[in-house]
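Q: First the structure, then my questions, so here it is.
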Amino acid sequence: MEENTTSTQEQSVSQEQQTAKENNPTIIIQNSSKSNGIGTAGFVLALIAVFLGWVPVLGWIIWLLGLVLSGVGVTKTPKGLAIAGLVLSLIGLVILILLATVFATAAAVSSMPVQ
């Protein structure tokens, strides 16, 4: 008799669990990983421009694109690579300005008449 009581109790518990599972909805939470494609593209272009900055026109265009894309990417999340690209682009811009100044000064000095 005790076996029947235990077996009946187990069946009623399993039926209650089954009913509870049917009545409670299953909630699945998916963490979506956000990415900042524009910021990443700006960083990659800025990194390429660091190595190709000495190429007269190509390096300047890549640097400018890296600066613009990184600037736009800073307005979106995540901002990490966009900020890194912006910093690299600004450092490259300063280097470009310094090189242009040096070359312009050298050209001006070489064109001066000797006294």
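Q: Expressed in nm to one decimal, what extension gain is obtained for the pair residue 27 and residue 94 from 0.36 nm per residue of sequence separation less their Cα-Cα distance?
A: Working: separation 67, 0.36 × 67 = 24.12 nm, distance 5.28 nm.
Full-extension gain reported as 18.8 nm.
Q: Quick one: Karplus J couplings for the stretch 77-86, per residue in order, coefficients 6.51, -1.76, 1.60, θ = phi - 60°, nearest Hz, x for Gly and Pro?
A: Those phi angles translate into 10, x, 9, x, 5, 5, 5, 4, x, 5 Hz.
Q: Please compute the length gained on full extension between residue 104 and residue 51, using 0.36 nm multiplied by the number of residues separating them and subtracting their Cα-Cα distance. Working shown, then result.
A: Values: separation 53, 0.36 × 53 = 19.08 nm, distance 2.24 nm.
The span from residue 104 to residue 51 would gain 16.8 nm if fully extended.
Q: Please report, to one decimal in angstroms, the Kirkwood hydrodynamic radius of the stretch 33-102 built from all distinct Cα-Cα pairs. Walk me through the numbers before you get to the answer.
A: On the way: mean 1/r = 0.0863 Å⁻¹.
Answer for the stretch 33-102: a Kirkwood hydrodynamic radius of 11.6 Å.
Q: Students often check this: by mean Cβ neighbours within 10 Å, which of 79-88, 41-50, 56-65, 26-35 ranks highest, and how do the rest follow? Write out the running numbers ahead of the final one.
A: Values: 79-88: 19.7, 41-50: 21.9, 56-65: 15.4, 26-35: 6.0.
Result, highest mean Cβ count within 10 Å first: 41-50, 79-88, 56-65, 26-35.
Q: Still on this model: Any idea how far apart residue 112 and residue 72 come out in nm if each label point goes 7 Å out from Cα toward Cβ?
A: 4.6 nm
Q: Another one. Using alpha carbon centroids, what distance separates the stretch 46-85 and the stretch 22-45, in Å?
A: Cα centroid of the stretch 46-85 versus Cα centroid of the stretch 22-45: 25 Å apart.
No value in this document is a laboratory result; all are computed from the given coordinates. Fair warning: this is a prediction, and the values are worked out from it, not measured in the lab. Quick reminder, even Gly has a Cβ in these numbers, built from the backbone with ideal geometry, and neighbours come from all protein chains shown.
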